[in-house]
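Structure first, commentary second.
The values are calculated or read from the model by the stated rules, or taken from the named source; none is laboratory data. None of the values given here were measured: they were computed from a predicted structure. Methodologically, a virtual Cβ is constructed for each residue, glycine included, from the backbone with ideal geometry; neighbour enumeration extends over all protein chains shown. Just the protein is used for accessible areas: all its heavy atoms, side chains included, with ligands, DNA and RNA removed. Shrake-Rupley method; radii C 1.70, N 1.55, O 1.52, S 1.80 Å.
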Amino acid sequence: MRFRLNGADVDIDAHPMRRLLDVLREDCGLTGTKEGCGEGECGACSVLIDGDCVVSCLVPFAQVEGCSVTTIEGIDAEPLQRAFMDEVGAQCGICTPGMIIAAATLGANPTRQEMQQALAGNLCRCTGYEAIFRAIRAAKRQGGAPAAAADAGR
Amino acid sequence: MLRDDGALVPLAGATDLYVSLNFGTLTQTRFIDLWPLQGLRRIGLAGDVLSIGALATYTSLIRSRLVRQRVPMLVAAAREIGGIQIQNRGTIGGNIANGSPAGDTLPVLAAVDAVIVARSAADERRIPFAGFYTGYRANVLRPDELIVAVEIPAVDGTQWFRKVGTRAAQAISKVVMAGVRANGTSHVALGSVGPVVVRARETEAALARGDIDAAAATLGREITPIDDIRSTADYRRRVAANLLRQFWAETTPS
Amino acid sequence: MPSVIEHAVGRSVSRKDGIGKATGRAIYADDLSFPGMLWGRTVRADIPCGRVRTIHRAFDESGFTVVDFRDIPGKNVIALIEHDQPCLVEQEIRHATEAVLLLAHEDRERLLAARVDIEYDARPPVLEPERSSVVFKHIRIEKGGVDAALAGADLIVEGTYRTGAQEHVYIEPNGVIAVPENGGIAVHGSIQCPYYVHKALVTLLGDAVSHVRVVQTETGGGFGGKEEYPSTIAAHAALLALKARRPVKLIYDRSEDMVATTKRHPSIVRHRTGVTRDGRIVAMDIDVLLDGGAYVTLSPVVLSRGTIHAAGPYRCDHTRIVGRAVMTNTPPNGAFRGFGAPQTQFAMEVHMDRIAESLGMDPVRLRELNALTPGDTTATGQVLGNDCSALETLRRAVKQSRYHEKRANVASTGRGVGVSLFYHGSGFTGSGELRLASRAAVELTDQGVRVLTSSTEIGQGTRTMHAQIVADALGIPYEQVEVAQPDTSRVPDSGPTVASRTCMVVGGILQRAAAEVRRRIGDAAPGDYFRANGPLRVEAEYEQPEWIRWDDDSYTGDAYATYGWGCNVAEVEVDPVTFEVRPLRLTAVVDVGKAIHPALAIGQVEGGTAQAIGFALLEHVVMRDGAMANGQLTNYTIPTTLDTPPIDVTLVENPYPGGPFGAKGLGELPMDGPAPALINAIRSVGFDVREAPAIPEVVMAARRS
């Protein structure tokens, strides 16, 4: 399957019905994307496909052909990443890669409601979400939204 | 291909089917991937009929100016399905084909008398929504047919939608209702209160007489809710009646 | 030594975790791989009670490692308080999901496809705690003369309160990898208490291994769910790895984790309270029943904490608390943040509101009149010192939330307002800390010092907070302190990472170890001393404050060295159409003694509050035939971003002199108050709810006529 992964052209041989999550973690060695439930409920496995935030546990590998996939390892979101640690938006950290992928879709200066809507598909058990909102506000105040990856469009 | 190869399961956004596959509860092993079929994503107007491609995602419904203008309650339903991740992959065709009693777009489609466009190698046919389901997760599609679009005629009147889930987001409906009210006529449809979506025609008749109390009582007889791991029949029945009253109150011109 | 070093304690310093959690580089159990690794799987009983008649392996066994109880070299037991829980079923089944057989294979598909057919002789299970006759533990706390005092009261208020099971839903499921090494075994995994696992494996494996090593990987949440349970999953992985002579990775999927592992003990608590007409509590008669599940595990300790806290933060001269933890044929229940106190304080706080209703009194006023103050004695006869903050947290929360104004406007706004007052003992109960005899060490490095404890970072900030304490105790920059990964071959046994003890108790031991290091190296910078004189490692042990007196037999005395205190005010809207409860705001004022890292401390309060909101309103464990029927995240619903309200936290610092820099325990306190505050808010708008979770079906049935 030929596609773009974190800005680089790749050609990966894997069964088309395997979960994208497993291909990323096992075949590509990118373990930053996490499995929390396997049912598309927790959002820990979130990645971007052509700039859209999706749960990779529900994407059959066949469907990324010709697409651009961005994982936490490849996302250009350093202000968000720094803010998550500084504002304690990450406690145990297992939901954090998925959170950052989802948060990266927000524009500048998001309202509380916009953050709630964007992250409604990402479960956190540690923070109660308040510090996550603080982290996103801090990052998105520092000069605009971080770009998703080298090429987000299709 | 569907005709030739027999038991191929169509796969689109994979937000329902793939879960069953990964949990080992799906017995089929052969799939046909519809995702790349861009032609099935179009949302457009033909005369007074809104045509929505089967592969239109919930996100595309939410963003579509046409859908927002003409069927805002479909946007309301799409907004309450999962989070952005599910909305970006789940499709209206998938919601219809999956036929879950809790499918959130289904009461909307029932209330607007939508028409399902099914195509095979041989022909294309238009199936009124009311005649599409034959039972729990069962429909009239032939093995060689695919849903390619759903058509929604112009909707006359005020639209109303409410989903009652197990929590505020990412929730399966316990009761879900779509309603349209225009002058003396109402259309009312509910999900999660029976094996298939219920178009409550007797209730509508009572509403047409202006008798909300009779309508609420009638509704209790037209639905067959059950106890399950998410809720109780008693709760569903009472809340369905409450939703009806809320619909009636909120669509009554002040 | 530099002349001016900014103190680390009390500042929200940059965390020792680095940025790995946010870049995806932090390594959790499932991210690890070892050469030649096999996948593991657990085959489980699916009846709640009976015996195994036959086991038929209906699959091609080539390439498979299969383990049953006969492969256990030591004792077939998961060693904890009692030795009643087998590692693998021999014949008797006491709960559904009990582990019968273990499989491992290189090919995960073949592993999952392998069919094992088990035939049983089923027996009628006991599924209701009220019907159980097997008592794991019985506790009785008595003070004064309750019966006479009740007889003399102006009014007696009775009530029964229930809380359901709760599942932890750490976002990272349980998982370990067992690796044979040099005649022994190493287990790497998602673990709160490496030495609990160590002890369990030593008992299980006996002489079959030369040594046991347990290493904690970055852990994606624990909340008590990885306190004792990892001993079981580690035992299973180790048995497979030893038989296969290859590493075995055993990671549960979400469903298995939810259904098969421990949950919060369901509770039924009955109150009979005697009060005077002007609102003073004169007698409390309390009965506590906890459902322990099929094996003892930690039920005696959960019951202990639950009963000790059952009378709430209130003064009462005549108190009787009788508690029982009983067996049912369900998966064993275990540790979960709060550990019995959320259950019994739920009952106390809802009961307080019912007392206020009966007296026609304001619920805040009732609490003010009866709240414990310095010099008062608790139900176990402990005299409280100046570190008691019940009234202060109550008054500040009431003011911060504008409780009285909102309460007066309930009828006009339709918005409910409720309050709860609560406390939480820090560290192990009574003589528990003495028995643990925890140890922690500080050693010199080329750069500064290294902290050596078995306390685990599970998101609550252990690494950071311990480094802050040691830095300030030594008078060196925080940047010069590193924290070793908990590996039982390298770090001493600091006791489990539970019971809100990691800062107060272990931090206290580290403080003394660091002070001793300073004594030995004089004014030198640690790195300089290390380069000049070679290694230096100082290990210190727990020292119980000399004033603590506790009697295990009579359950009297100083139950805890100190307590955290808190008050919650909750505001809700109850939808009249659907009976859904929408929390609007949750105000939390908590006394933590000293916030070592304010942002991490606030994070504990916000997170614990959200978890308690789930406990109060959303999280319903549905049991069918002795097992959880809704074991998917789709059906067991924890709060999303749209379910949690703004959480307004105020930290109070009323120091405990015996804690490092005045710190008390913090991790569990926030769990104790939100549920009753929310239920009291629901009550204030006309619903007689006395249980949690107050799901809409419950609220609907509780409408007051």
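Structural remarks
- Taken as a whole, region C:597-604 holds at least one residue that is under 23 Å from the mean Cα position of the chain (by Cα), touching a residue at least 40 places away in the same chain (Cβ under 8 Å) and in a loop (DSSP other than H, G, I, E, B).
- Count of region A:28-50 residues, restricted to those that are closer than 24 Å to residue A:129 by Cα and away from chain C (no Cβ under 12 Å), is 1.
- Only one of the listed residues (C:24, C:40) is touching a helix residue (DSSP H, G or I) at 6+ places or on another chain (Cβ under 9 Å) and more than 10 Å from every other protein chain (Cβ to nearest Cβ). That residue is C:40.
- Of all the criteria given as (1) more than 14 Å from chain A (Cβ to nearest Cβ); (2) closer than 30 Å to residue C:622 by Cβ; (3) not in a strand (DSSP E or B), the one not satisfied by residue C:176 is (3).
- The one condition in (1) hydrophobic (A, V, I, L, M, F, W, C); (2) surrounded by fewer than 22 Cβ atoms within 10 Å (Cβ to Cβ); (3) within 30 Å of residue A:85 (Cβ to Cβ) that residue C:58 fails to fulfil: (3)
- Scanning region C:605-626 for residues that are closer than 19 Å to residue C:648 by Cβ and free of Cβ contacts under 8 Å to residues at least 40 places away in the same chain yields a single hit, C:610.
- If you go through region C:619-635 and pick out every residue that is more than 9 Å from every other protein chain (Cβ to nearest Cβ), open to solvent by less than 30 Å² (accessible area, probe 1.4 Å) and under 24 Å from residue B:167 (Cα atoms), you end up with 5.
- Residue among B:220, B:184 that alone is open to solvent by 40 Å² or more (accessible area, probe 1.4 Å), more than 10 Å from chain C (Cβ to nearest Cβ) and farther than 27 Å from residue B:52 by Cβ: B:184
- Selected residue (criterion: nearest to residue C:17 (Cα to Cα)) from residues of region A:64-81 that are within 7 Å of another protein chain (Cβ to nearest Cβ) and open to solvent by 10 Å² or more (accessible area, probe 1.4 Å): A:81
- Search result, residues across region C:95-123 that are in a helix (DSSP H, G or I) and surrounded by fewer than 16 Cβ atoms within 10 Å (Cβ to Cβ): C:108, C:109, C:112, C:113
- Per the conditions (1) away from chain B (no Cβ under 14 Å); (2) in a helix (DSSP H, G or I), the sole criterion not satisfied by residue A:126 is (2).
- Selection within region A:91-117 - assigned to a helix (DSSP H, G or I) and either free of Cβ contacts under 8 Å to residues at least 60 places away in the same chain or more than 14 Å from chain B (Cβ to nearest Cβ) (or both): A:96, A:99, A:100, A:101, A:102, A:103, A:112, A:113, A:114, A:115, A:116, A:117
- Residue match in region C:67-86 (condition: small (Gly, Ala, Ser), touching a helix residue (DSSP H, G or I) at 6+ places or on another chain (Cβ under 6 Å) and within 14 Å of another protein chain (Cβ to nearest Cβ)): no
- Within region C:546-595, tally of residues that are on the phi > 0 side of the Ramachandran plot, touching a helix residue (DSSP H, G or I) at 6+ places or on another chain (Cβ under 8 Å) and small (Gly, Ala, Ser): 1
- Meeting the requirement of 1 or more residues that are of a type in the set (Ser, Thr, Tyr), out of contact with any helix residue (DSSP H, G or I) (no Cβ under 8 Å at 6 or more places or on another chain) and under 18 Å from residue C:579 (Cβ atoms), no helices (runs of 4 or more DSSP H) wholly within region B:151-254 can be named.
- When region B:61-85 is limited to residues that are within 14 Å of chain A (Cβ to nearest Cβ) and touching a strand residue (DSSP E or B) at 6+ places or on another chain (Cβ under 7 Å), the one that is least open to solvent (accessible area, probe 1.4 Å) turns out to be B:85.
- Selected residue (criterion: nearest to residue C:605 (Cα to Cα)) from residues of region C:564-591 that are of a type outside the set (D, E, K, R) and touching a Lys or Arg at 6+ places or on another chain (Cβ under 7 Å): C:589
- Of all residue pairs spaced 6 or more apart or on separate chains, those with beta-carbon atoms under 7 Å, a first member in region C:228-242 that is buried (at least 24 other Cβ atoms within 10 Å of the Cβ) and modelled with pLDDT of 95 or more and a second member that is in a helix (DSSP H, G or I) and among the aromatic types (Phe, Trp, Tyr) are C:228/C:196; C:231/C:196.
- Region B:85-105, residues that are over 17 Å from residue C:634 (Cβ atoms) and either in contact with a helix residue (DSSP H, G or I) (Cβ under 8 Å, 6 or more places away or on another chain) or not hydrophobic (A, V, I, L, M, F, W, C) (or both): B:88, B:91, B:92, B:93, B:96, B:99, B:105
- Any hit, region C:575-582, residues being in contact (Cβ under 8 Å) with a residue 40 or more places away in the chain, surrounded by 24 or more Cβ atoms within 10 Å (Cβ to Cβ) and either assigned by TED's automatic domain parsing to the domain that holds residue C:465 or farther than 24 Å from residue C:339 by Cβ (or both): yes
- Selected residue [touching a Gly at 6+ places or on another chain (Cβ under 8 Å), part of a loop (DSSP other than H, G, I, E, B), over 30 Å from residue C:307 (Cβ atoms) and among the β-branched types (Val, Ile, Thr)] from C:476, C:458: C:476
- Residue C:656 vs. criteria at pLDDT 95 or above, open to solvent by less than 20 Å² (accessible area, probe 1.4 Å) and facing another protein chain (nearest Cβ under 10 Å): no
- Considering the conditions (1) over 21 Å from the mean Cα position of the chain (by Cα); (2) within 14 Å of another protein chain (Cβ to nearest Cβ); (3) in contact (Cβ under 8 Å) with a residue 12 or more places away in the chain, residue C:667 is excluded by exactly one of them, (1).
- Among the residues of region A:92-109, those that are open to solvent by 10 Å² or more (accessible area, probe 1.4 Å) and either under 13 Å from residue A:137 (Cβ atoms) or of a type in the set (S, T, N, Q) (or both) comprise A:105, A:106, A:107, A:108, A:109.
- Count of residues meeting criterion [without any contact (Cβ under 8 Å) to a residue 12 or more places away in the chain and under 23 Å from the mean Cα position of the chain (by Cα)] in region C:338-381: 0
- Here residue C:603 meets each of (1) closer than 26 Å to residue C:332 by Cβ; (2) within 13 Å of chain A (Cβ to nearest Cβ) with one exception, condition (1).
- In this structure, residue C:553 does satisfy being at pLDDT below 95, open to solvent by 10 Å² or more (accessible area, probe 1.4 Å), more than 14 Å from chain A (Cβ to nearest Cβ) and outside any helix (DSSP H, G or I).
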